[in-house]
1. Quick check: the distance between the Cα centres of segment 349-386 and segment 98-157, to the nearest angstrom?
2. Bins of 10 Å, beginning at zero and ending with the bin holding the largest distance: percent of Cα pairs per bin for segment 123-223, please.
3. 7 Å from Cα along Cα→Cβ at both T514 and A198: what's the point-to-point distance in nm?
4. Using a Förster radius of 45 Å, what is the FRET efficiency between A224 and D368 based on their Cβ-Cβ separation? Nearest 0.05, please.
5. With the crude spin-label approximation of a point 7 Å out along Cα→Cβ, what separation in nm comes out for K325 versus D233?
6. Find the accessible area per residue for segment 398-490; the probe is 1.4 Å, ligands and nucleic acids are left out, and the unit is Å².
7. Starting from the residue with the highest accessible area, list E365, E114 in decreasing order, probe 1.4 Å.
8. Count charges around V506 for me, please; just the other residues with Cβ under 10 Å from its Cβ, Lys/Arg as +1, Asp/Glu as -1.
Amino acid sequence: MNRTPIRLLLMLVLVVGLIAPAGASPAGGEEPAPEVSLDLSGTWRFSTGDDPAWRDPAFDDSAWDTAQVPDTSLNQGFDNYDGYAWFRLDFDIPAAAEGQNLIAAMGFIDDADEVYLNGVLIGRSGQVDSPRKSAWYERRSYAVPAGAVVYGGTNTLAVRMYDMSGGGGWYKGPIGLFSKQTLRAQVHGITAPPADDAVRDAVLDVLDTQDRALRAGDLDTYAATLSPGSFHDGQDADRRVRELQARLEGADTVRYRDTEVEVLQDGEQLIVDTNRSLEAQTGEDVRVLRPTRQEFLRFDARTLQEVGNQSRFFRDVLYSQVEGKPREFNVYLPPSYTSEPDRRYPVVYLLHGINGGNREWEPREIDDVMDGIIAEHDLAESIVVMPHGESLWYRDNATVPWRTMFITELVPLVDAEYRTIPEADMRGLTGVSMGGNGAFSIGWDHPELFRSIGSHIGSLTLGGNGQSVANYPAVRVTTMTSAFLQQYDYFFDACPLDDFGFAGGVVAMQAQLTAKLVPHEGIIYPGTGRHNDDCWMPNLWRSFAMHSDSFRSRGLSG
């Protein structure tokens, strides 16, 4: 076997005070396992094509090309190529690292991937095989099964990818193999030290109490483990219990499954770093309601009640009766939401582009962007809801009743579970590309729900998912009355070298609204901008300024 390993620097840092619980000694006087921080960025082996043998660590990849990982150009051999490709890398992990809970941070990949460690599948994002599904916007973070690792020897990572269109590959890190401790610090900024053994055991007892209560259907006992002020990823204590009660209907048991739990002492709070899933069981059938993902739970160190992460940007889930499956969406809560519990807010629904999803706003750090533009431009604080619209053009079709779900379930859920002002005057839509089409379509179809419409690089002269040419926004507007159009406030933009010619849609929409005496703001930016984030992201504040002015003109104070 002729293999050419590509070696990388493995940093193993022995920091006993950070690894061992305070005041405790390793069992039997042994030294604790070292912290693992393995940077896997750099030169990898690369080949287009697809062969299951390529996941085998024994496969000889010495004749393959090389590629730099990550590569922000999105080329990496995918330029002018859409299809399968594999990346492979050999590296060593010393025997001393055994005992650590390891996470494979695989950064961001365009479009879909499967990751194998020594031939063992450790995670996937999107859908590599038909029906293919892009997850270009999702951060990859996969728990590594201990049995998949070769300690004291050579390991092989093999990453199978599929690029659906345009450039592809790894475009952003971090990429590496980390102990949980290192990943918390480098990716999540959490540097709190481990709690002592007694505190850790007490927290594990609470998690066990929650588990036993759920499996017994005893929601009163479960609720007693939650602080009255608990708020975790949009759920207060009442909503958490109601969701679990709903999940129990038609199931024998429901449970949170926690693995690789680590407990940290963060002042008066405890942080529980856990790999958590939500499961329902009926007879022998086990359904995963929420797949395993790393979560950070927070507990009051005095009462040991769960207080939640108090997050203002998170993923939420609608259990859709219309679709018959869960539908994920992201939520941003404005700066004063947690500090002013009696205040209510307008809502903007932010719609992504084609081949996108609700999670694409996470690598864009849209929460920081929103905090920044609210402060810089004195905008009205708003709740921002980011639905997962797939590539459905925000419409119903024969198999996915997306628009029906959105109007009859998601909007009511947001109004029921968040402190919204549930009035049409206090709801707006902003969309990007395909989402711009959706913003006009949904807004015009539902004047009882929305009063402001924003579009960035919007598809005003193109549609999909059965949308007729007559219903393209720049065409539909020609048949609409001034009185109807004047119910709304408008903003729309594009760049002059838009790859799909969407600047023409801005010109057409401007002409029609001007002729019909409808106030609006339409902009084609000067320069050589194209159909990308560089065109619209610096100008996102403009559509939100329009929404802010609309809300205030219709009675919002503040």
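1. Centre-to-centre distance over Cα atoms comes out at 28 Å.
2. For segment 123-223, the binned pair fractions read 11, 24, 28, 25, 11, 1 percent.
3. 7.6 nm
4. 0.80
5. Those two pseudo-labels are separated by 1.9 nm.
6. Roughly 31 Å² per residue, with all protein chains present.
7. Of E365, E114, the descending order of accessible area is E365, E114.
8. That works out to -2.
The values are calculated or read from the model by the stated rules, or taken from the named source; none is laboratory data. Note that this is a predicted model, so its numbers are computed, not measured. Glycine also receives a Cβ, built like all others from the backbone with ideal geometry; neighbour counts cover every protein chain displayed. Note: areas computed on protein heavy atoms with side chains; ligands, DNA, RNA excluded. Shrake-Rupley method; radii C 1.70, N 1.55, O 1.52, S 1.80 Å.
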